[in-house]
1. Against the definition (assigned to a loop (DSSP other than H, G, I, E, B), crowded, with 20+ Cβ neighbours inside 10 Å and touching a helix residue (DSSP H, G or I) at 6+ places or on another chain (Cβ under 8 Å)), how does Thr57 come out, yes or no?
2. Find all pairs meeting these conditions: Cβ atoms under 7 angstrom apart; at least six residues apart or on different chains; first residue within the range 227-239 and closer than 13 Å to Ile42 by Cβ; second residue surrounded by 18 or more Cβ atoms within 10 Å (Cβ to Cβ) and of a type in the set (D, E, K, R).
3. Here is a list: Gly121, Gly84. Which entry is over 21 Å from Gln186 (Cβ atoms) and in contact with a Pro (Cβ under 8 Å, 6 or more places away or on another chain)?
4. Give the residue, chosen from Asp189, Asp123, Asp116, Asp203, that is acidic (Asp, Glu) and farther than 16 Å from Arg60 by Cβ.
5. Is there a residue being at pLDDT 95 or above and surrounded by fewer than 15 Cβ atoms within 10 Å (Cβ to Cβ) anywhere in the range 84-100?
6. So is Pro199 in contact (Cβ under 8 Å) with a residue 12 or more places away in the chain and under 28 Å from Glu112 (Cβ atoms) or not?
7. Could we say that Asp116 is at pLDDT 95 or above, over 30 Å from Tyr228 (Cβ atoms), crowded, with 16+ Cβ neighbours inside 10 Å and under 20 Å from the mean Cα position of the chain (by Cα) here?
8. Please work out if Arg212 is among the basic types (Lys, Arg), under 30 Å from Ala40 (Cβ atoms) and either in a loop (DSSP other than H, G, I, E, B) or without any contact (Cβ under 8 Å) to a residue 24 or more places away in the chain (or both).
Amino acid sequence: MTTTLDPTETTRPTAATPSGPASAPPSSTASVAAARERSAQIEERLATDPSGFRVLTGDRPTGALHLGHYLGTLANRVRLQDDGVEVVLVVADYQVITDRDDAGDLRGTVREVVLDYLAAGIDPARTTIFAHSAVLALNQLLLPFLSLVTTAEIERNPTVKAEAAAAAVRQERPMSGLLFTYPVHQAADILFCHGNLVPGGQDQLPHVEITRTIARRFNQRYAAAQPYFPEPDVLLAPAPTVLGTDGRKMSKSAGNALELRDDEDATARFVRRHRTDSERHVTYEPERRPEVANLLTLGAFAAGTTPEALADEVGAAGAGRAPAAPARPAAGARRRRRPRPSRRAPGGQRARERRRRPHPRRRPRPHGHVVLTHGLAGRTR
């Protein structure tokens, strides 16, 4: 599979074919156009005969899944599942240790990711879910697959190149061997289950291309009479770039995400903290007004409509009206002072009584902590 390890993951280049130099990068215009045409054909086949496909995809369990994951990948996985496609999800826990010394409570994080899958609509009766560490045979494929690619091909991988450059800058943490072989491990994910379809965006094209190369070389070397591994295709699916509260791409590490497990109060805080702009009329213009367009995208998804239709519906009513400022006295006008209450007047007596009362903050509140504790417990259950 190509595990959708992180929405910010860099794209991967095309591996060289066994008989010639590296082909054109999959991100080229021609390759993307060809992939889109192929995806359209696959969608037509899915509508008539979904049984001919096995989808392989997944996530790296580095934290809770958020709204960006749902709109970017999870919703499409649920669609494929409901359409009758065989879906296999891998929780790539071994890939968590590629770039960190302390993986934390990895078993607990895997459990939380699976719970997020179930909450999103993944049905374990129809979809297979497993973790890297639970299937040793998958990881054993890494060894023969490494014999089918060269170090130069791996070094040309954009993620490997980026990590190597970052390690040179950091100096204190060199790139691990597991991270260096990361593209081949992803190929093992896909081919272990004989997956022939990988949903994703254009960044998935290089991932699948190196997998196709490994499958082709394996079949030529070990199964020439009867090919053993399929050469998978990419199913390009439009995935909106969901922004976080700070206007940057929603990410686990950035702390700007709305997690799938968040309650109504957290959702309301997310909307209130979200960046917008100073224009009062609401329009859907992703290039010029990305923050407003992001809110419209989220609102349209929740309402079952389109961002354009929601923008037309809101229009000038989105910003509301600013409250009128209180009238200020004219320049030079004397302000009338309020008379002080007489000590003998009833008002003066009440003022003296108030001064003798203890400050509200000094009053004991024996039940306040209990109420707060019950409230938090009720929200976290």
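1. Spelling it out, it is not the case that Thr57 is assigned to a loop (DSSP other than H, G, I, E, B), crowded, with 20+ Cβ neighbours inside 10 Å and touching a helix residue (DSSP H, G or I) at 6+ places or on another chain (Cβ under 8 Å).
2. Close Cβ pairs satisfying both conditions: Pro232/Arg212.
3. Of the residues listed, the single one that is over 21 Å from Gln186 (Cβ atoms) and in contact with a Pro (Cβ under 8 Å, 6 or more places away or on another chain) is Gly84.
4. Working: Asp189 fails: farther than 16 Å from Arg60 by Cβ; Asp116 fails: farther than 16 Å from Arg60 by Cβ; Asp203 fails: farther than 16 Å from Arg60 by Cβ.
Residue meeting the stated conditions: Asp123.
5. yes
6. Taking the combined requirement at face value, the residue satisfies it.
7. Numbers: at pLDDT 95 or above: yes; over 30 Å from Tyr228 (Cβ atoms): yes; crowded, with 16+ Cβ neighbours inside 10 Å: yes; under 20 Å from the mean Cα position of the chain (by Cα): yes.
Taking the combined requirement at face value, the residue satisfies it.
8. On the way: among the basic types (Lys, Arg): yes; under 30 Å from Ala40 (Cβ atoms): yes; either in a loop (DSSP other than H, G, I, E, B) or without any contact (Cβ under 8 Å) to a residue 24 or more places away in the chain (or both): yes.
So Arg212 passes the test.
The values are calculated or read from the model by the stated rules, or taken from the named source; none is laboratory data. All values derive from a computational prediction rather than experimental measurement. Because the Cβ atoms are built from the backbone with ideal geometry, glycine has one as well, and the counts that use them run over all protein chains shown.
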